[in-house]
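The values are calculated or read from the model by the stated rules, or taken from the named source; none is laboratory data. Predicted model, so just to flag it, every value in this text is computed and none were measured. So basically every Cβ, Gly included, is an ideal-geometry build from the backbone, and we count neighbours across all protein chains shown. All accessible areas refer to the heavy atoms of the entire protein, side chains included, with ligands and DNA or RNA removed. Shrake-Rupley method; radii C 1.70, N 1.55, O 1.52, S 1.80 Å.
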Amino acid sequence: MSAISTSHFNSSTFVLTGFPGLEADYFWISIPFSSIYAMVFLGNCMVLHVIRTEPSLHQPMFYFLAMLALTDICMGLSTVPTVLGILWGFIREISLDSCIAQSYFIHGLSFMESSVLLAMAFDRYIAICNPLRYSSVLTNEKIMKIGVTILCRSSLLIPPVIIRLKFLCYCRPHILSHSFCLHQDLIRMACSDIRFNSIYALILVISNLLLDSVVILVSYILILHAVLAIASREERLKSLQTCVSHICAVLVFYIPIIGLTMVHRFGKHLSPLVHVLMGNIYILFPPLMNPIIYSIKTQQIRRRIQRLFCLKIE
């Protein structure tokens with residue numbers, strides 16, 4: 001009887017939350033969301049195209065930027081079917097298997113983005129604190145190894161906690177808090193023992209997001225110490241300017257995560273609309289802003305894009 005009950009729960013569907021109270025305006029809401037997703041794809045594809053076609057950008061910093069852009073494209077692709085599907089009226093529910101798969105990609109890509117930002121911080125640390133060894137430390141071979149390590153770290157540590165979602169018993173209302181699936185949302189509905197999921201997920205967050213943020217902070221303390229030791233004021237400013245884009249990328253990634261965590265932890269009394277908006281900001285804000293930040297702040301990319309558009313206009 002227990003097996004039948006578990007099978008029943010695990011084959012059930014979950015209701016995706018759109019924008020509570022705004023159902024009549026979904027058509028109009030879909031316009032800015034469609035535009036944002038289009039900007040995410042086009043902006044990051046442009047960054048990848050520029051890096052691939054411009055020989056002067058074949059440097060470690062831009063290889064890591066290409067990894068970041070690719071991660072952002074995949075993040076958009078992992079959520080666009082459900083978010084726009086709800087707004088366009090195509091879907092309202094999602095199966096458990098699809099929900100688990102989406103949860104895997106969202107969390108895996110978040111960890112991947114954090115790892116890439118950490119690699120970019122290491123790149124800036126070597127470039128400023130040990131510039132004479134930059135080319136020997138960050139060779140193409142080592143960059144490939146870093147990329148493989150990032151991929152393995154982000155994809156191989158998550159399956160134990162995600163796969164276990166398949167075997168939990170979901171007896172609470174199957175209503176998700178967002179327009180997509182998150183691990184913390186699914187275990188909230190489970191009646192089974194979720195201690196493994198809770199503890200393992202906490203360890204993952206500490207060993208990935210928290211540890212990465214601490215190491216990035218330490219690297220910038222060391223960078224600041226090295227920059228302040230430079231005698232020339234112009235050289236100090238020039239060194240710091242090479243870090244501005246990365247600092248902005250770190251902020252647009254970690255601030256939404258902190259905001260969403262605070263809303264989940266302390267905002268149970270808030271309107272469901274707040275949860276939905278914070279979830280979408282967490283998913284869409286970094287992929288949208290990263291191409292803009294690097295196009296504006298990175299001179300080589302800005303000039304290459306300007307030349308690209310000038311050629312197309314002519």
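Go ahead and run the numbers for FRET between Ala101 and Phe167, Cβ-Cβ distance against an R0 of 22 Å, rounding to 0.05. The calculated FRET efficiency here is 0.90.
The loop-placed trypsin sites (Lys or Arg not before Pro) in the stretch 217-277, going by DSSP, that have at most 11 neighbouring Cβ atoms within 10 Å of their Cβ come out as Lys268. Extension gain for Thr13 to Arg233 (0.36 nm times residue separation, less C-alpha to C-alpha distance): 73.1 nm. If you line up the long axis of helix 299-313 against the longest principal axis of the chain, both from Cα atoms, how many degrees apart are they, to the nearest 10? Compared with the principal axis, the helix lies near 80 degrees. A DSSP coil position with no more than 12 other Cβ atoms inside 10 Å describes the following chymotrypsin sites (Phe, Trp or Tyr not before Pro) in the stretch 88-139: Phe90. Against the longest alpha carbon principal axis of the chain, how many degrees, from 0 to 90 and to the nearest 10, is the axis of helix 211-228 turned? With both axes taken from Cα atoms, the answer is about 20 degrees. Taking label positions 7 Å along the Cα-Cβ direction at both Leu157 and Lys145, the computed distance is 1.9 nm, reported to one decimal.
The Cys residues in the chain with no partner Cys Cβ within less than 4.7 Å of their Cβ are Cys45, Cys74, Cys129, Cys152, Cys169, Cys243, Cys248, Cys310. Relative to the longest principal axis of the Cα atoms of the chain, the long axis of helix 195-205 makes an angle of roughly 20 degrees. Whole angstrom only: what separates the Cα centroid of the stretch 164-212 from the Cα centroid of the stretch 39-91? About 27 Å separates the Cα centre of the stretch 164-212 from the one of the stretch 39-91.
Accessible surface computed residue by residue for the chain, with neighbouring protein chains in place and a 1.4 Å probe, gives 52 Å² per residue.
For the chain, the mean residue ellipticity at 222 nm estimated from helices alone is -25500 deg cm²/dmol, where every DSSP H run of n ≥ 4 contributes -39500 (n - 2.57) and the total is divided by all residues, rounded to the nearest 500. Each part reduced to its alpha carbon centroid, the stretch 105-143 and the stretch 264-306 end up 21 Å apart.
Distance between the pseudo-spin-label points of Ile292 and Arg188 (7 Å out from Cα toward the beta carbon): 2.8 nm.
Between Asn130 and Arg265, full extension at 0.36 nm per residue minus the direct alpha carbon distance yields a gain of 44.4 nm.
Element breakdown for the chain at a 1.4 angstrom probe: carbon and sulfur atoms account for 71% of the accessible area.
Here the peptides 159-172, 52-65 are ranked by packing, the mean other Cβ count within 10 Å, and the order with the highest first is 52-65, 159-172.
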